[in-house]
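A short reminder: the numbers here are calculations on the coordinates, not readings from a lab. None of the values given here were measured: they were computed from a predicted structure. Note that each Cβ is placed from the backbone with ideal geometry, even for glycine, and that neighbours are counted across all protein chains shown.
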Amino acid sequence: MIRFLQACADGLLTGALYALIGMGLALIFGVMRIVNFAHGAFLMVGMYATYVLFDLTALNFLPVPVYNFIVGRFGEHGLNPYWGFLPAGLFMFAFGWLIYALLIQPVRNRSHFMQILMTTGIGLILTDGAQLIFHADYHQTNIDLVNRGVHLGPFGANAAEVLSFVIAVAFVVGLRAFVVRSRTGQALRAISQNPEVAPLMGINVTRIQGFSFALGTALAGVAGGLLLPRLYLFPGVGEDYTTKAFVMVVLGGMGSIEGAAFGGLVLGVTESLTSLYVGNKWALIVDFIFFLLVLSFKPSGIFGRQRA
Amino acid sequence: MTPVLELDNVTKRFGGLRAVKSVSLTMNAGEILFIIGPNGAGKTTVFNLISGFLHPNEGTIRFQGQDISRMSPHRAAQLGIGRTFQIVKPLPSLTVLQNVMLGAFMHTRSPRQAEEASAKILDFLQMVHLSKFLASGLPLAALKRLEIARALATRPKLILLDEVVSGLTTSEALALAALVKRLPEWGVSVVGGVEHVMQVVMKIADRVIVLDYGAKIAEGLPAEVVKKPEVIEAYLGPKFKELTQ
Amino acid sequence: MSLLKSWKFWALVAATLVWARMPWFVQNNYQLQVLFRITLFAALGLAWNLVGGYAGQLSLGHVAFFGIGAYGLALFHQIPLPLWLSLILAATVATLVAGLIGLIAFRLRGPYFTLATIAFGEVLRLTAANLDVTGGAIGLTVPSLFHGRTFWRQFYLASVALTVIAFIVNYWVSRSRFGYYLLAIREDEDTASAVGINTARSKLWSLLLSAFLTALAGALYGSAFQFIIPDSALTLEISVQIAIITMLGGAGTLLGPIVGAALLLSAQEVFKNQFRESHLLIYGVLIVVVVLFLPEGVVGGLERLFSRKPRAPGSSKPQPALGGAAQ
């Protein structure tokens, strides 16, 4: 029983991070109806960005004088990922906006087919680009926080996991507040609910869409940064997460940010329990099967209002 | 004689909203019936119910005596119910002729026969000169005719024309209406849905049914119905009702 | 229409004969392998074209059928069953699985459908990697359909034959009522239903046909390389590759998949000598370029340039409905 609850707790800790990823995708899909198959790649880029801030020697692909200047100025070791995720997130925001302006905006109104292809293409470029720059080596960050434990009664957790859980929850709550209270957030919801009428209300649709794409990307990047201490970093690390993100968004109902967050938690717990009772290898398969089940029986998701 | 179409206390709910409330109607073969009503009255919902795109929550729909309440759209089409859509849906990368052939294919596998059948229908709708053009980029009047042609090619017994003249100029609308009036020559009964263009309704409808907020509020000959106070009130609001007293 | 009098028919026959003779012009087995892969992917593209091109359903799970073809051949032969029977059974199993996938996935539209196909492909890959009977992550040996010194040449000719068959299927579909129905489904499913088309059934049939051909190609591939591993033969990457080939060449056209396969795989070969592993980058860039500038693909774009279907005078320039050209 204890093991069951422990697994649930672990699942929730991971699930909060997943929720970040899912919410990012829900923003992009909910507001823009853009099917973003590059979401996992963005997570990967965020992870690398955080890593570079942590270990500046990773920049050795830069031309020698530039590299020497940077290392000379800042030294070889930089920010702990638990701080580094913030600048990485900002970087990802700008990066996301750039991608939106150059590549997403032209296909904004085309068919889903074209959008899926475009974002798949972007994902491939990012993944292989990362491989070209950083090579396929696995990198790892060693932070002693990862090795410390926290105990609450019979339950134990990794201190690092708890920290990222707290940060993730802060983001989730903050995002929800932003969407509900701020003017931009309201504009976001307006576009999400009625894309044809929104421009008539004086909303600059293009700019808001760019903003939400950038924000969604930034969230993926932040999640990547928070995951950095716990995973091996390599160019393909983000691939599974695109699918996981879609599972969450579908679970929660396309367009529902809270739903996606909930979906993230559900996914985290399901994976954790699967690992406990069936075995680690099957966790990902369970994700997919779960996904197919939801799609088959309740395509509009648990909170969703729209038809699949 | 079995009526070609019967709606028996049909109700359709969307969540808490009743879009169609206990609507009943009977229609005989060869009639031209028009359903009119202000925006949101439920006309398109009724069309979706008859053509199988939606299913009623209560009540039954019978087509030539057969219960079609739970039928899927393609089955309804195969049984003989054709329809056009309020927002025209041409298949853009096909030619006008190919669009119509799609309907004709319901009765033949051969592209050649489908082509011949389609040519006849395009001739009736005075569109033969447009046969080889791509459907995308045609003006609205032609697209409205294309909708009818495609539905007619399936050789329906009942055709549902949803706002078939809306968006057209008066002369275009009257020209098209003249053709609609002739549809019974093809063995088709017609149900039209219209919000405004009353001239057309008066000219070609045999009977009119008025919907308001999903309920039937009047039925009868066109000239009678438009004078009824409840109809005027539905369209223009309660103030105008007093004017007619 | 008399096929035998059409110059295009004879041009195609001539081209096919030349293509079939290629092994005799090539110096070594490696180059023959490359030709084999190009031809096989042309067949895969033509098979995918039925679902993705004509019916407009973006399936990114076709690698599932590819894999079932290869694994099926190996497993059925292990029982033991004769080679050619195993081949047919493997393709049949793939078709049955396609039926199952179709029943679930085709109820979904647009991106949901694509996601479901991705999920199916991945489930298959992970299952194959985790079960012992399929050899786990290490994979299985696949029996060779051909033997002897010229076995690569024989495999090559088999791939040409498969491509021809796939082409003929495409041709028949494009000229038949079934093809029209698929196009209608691609453009607007509601309209298709309204004219009496059973959209679920038509989509399913296109998938069954497509799966059968794809499985044959997969079995051929596995047999030629005599080995199959989940991480190289059951990946999402292959599904994407098949889709890209067809899109690049022109989805919904007859020659598009062939042109796309030739272009893409040749480019891959060229780049392999320049950069070690960056073929994904090329794909990515190509996809982006095609989506932005040439959504109908090479052949589709050419067709539109020389199009015999004028637009009505005074009409506005049409937007491509899907980015894939119709007949």
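Database remark: amide H of residue B:31 closer than 5 angstrom to the amide H of B:190 (H placed geometrically; neighbours at sequence offset of 5 or more, or on other chains; Pro and chain starts carry no H). This ranking places A:39, A:139, B:74 by how few other beta-carbon atoms lie within 10 Å of each, fewest first, which gives A:139, B:74, A:39.
Which number comes out as Rg/Rh for region C:102-178 once both Rg and the Kirkwood Rh are worked out on C-alpha atoms? Walk me through the numbers on the way to the answer.
Numbers: Rg = 18.6 Å, Rh = 16.5 Å.
Over the Cα atoms of region C:102-178, Rg/Rh equals 1.13.
So how tilted is helix C:236-249 from the main axis of chain C? Cα-based, degrees 0 to 90, rounded to 10. Roughly 40 degrees between the two axes. Here r is the Cβ-Cβ distance between residue A:280 and residue A:4 and R0 is 22 Å; the resulting FRET efficiency, rounded to 0.05, is 0.85.
Out of every Cα-Cα pair that the protein assembly as shown contains, those further apart than 53 angstrom amount to 22 percent. Modelled spin-label separation between residue A:297 and residue B:174, with each label point placed 7 Å from Cα along the Cα-to-Cβ direction: 6.1 nm. The per residue volume of the convex hull around the alpha-carbon atoms of chain A is 140 Å³. When DSSP beta bridges are restricted to pairs lying wholly in the protein assembly as shown, around 60% turn out antiparallel.
Arranged from fewest to most other beta-carbon atoms within 10 Å of their beta carbon, A:111, C:266, C:202 become C:266, A:111, C:202.
Counting pairs of alpha carbon atoms under 8 Å apart in space and at least six apart in sequence, what relative contact order in percent does region A:235-291 give?
On the way: 47 pairs, mean separation 14.9, N = 57.
Across region A:235-291, relative contact order equals 26 percent.
Annotation for residue C:11 and residue A:194: the two label points, set 7 Å from Cα along the Cα-Cβ direction, are 5.4 nm apart. Summed over qualifying helices (DSSP H, 4 residues or more, each -39500 (n - 2.57)) and divided by its residue number, chain A shows a 222 nm mean residue ellipticity of -23000 deg cm²/dmol.
Per-peptide packing, taken as the mean over residues of other Cβ atoms within 10 Å, places C:118-130, B:128-140, B:206-218, A:200-212 in the sequence C:118-130, B:206-218, B:128-140, A:200-212 from highest down.
Within chain A, which whole H helices from DSSP have a Cα span along their axis of at least 27 Å and a mean Kyte-Doolittle hydropathy of -1.0 or more, if any? Mind dumping the intermediate values first?
Details: long enough: A:2-32 (43 Å, 1.60); A:112-134 (32 Å, 1.19); A:159-181 (33 Å, 1.97); A:205-227 (33 Å, 1.25); A:257-277 (30 Å, 1.03).
Both cut-offs are met by A:2-32, A:112-134, A:159-181, A:205-227, A:257-277.
Cross-linked pairs B:89/B:157; B:21/B:227; B:21/B:157; B:203/C:203; A:281/C:203; B:21/C:203: Cα-Cα separations exceed 32 Å for B:203/C:203; A:281/C:203; B:21/C:203. Taking the square roots of 5 times each eigenvalue of the Cα gyration tensor of chain C, largest first, gives ellipsoid semi-axes of 31, 24, 20 Å. Multiplying the residue separation of residue A:140 and residue A:177 by 0.36 nm and removing their Cα-Cα distance gives an extension gain of 9.9 nm.
Neighbours of residue C:54 by Cβ distance under 13 Å: Lys/Arg scored +1, Asp/Glu scored -1, total +3. Per residue, chain B reaches -10000 deg cm²/dmol at 222 nm when only DSSP H runs of four or more residues are counted, each adding -39500 (n - 2.57).
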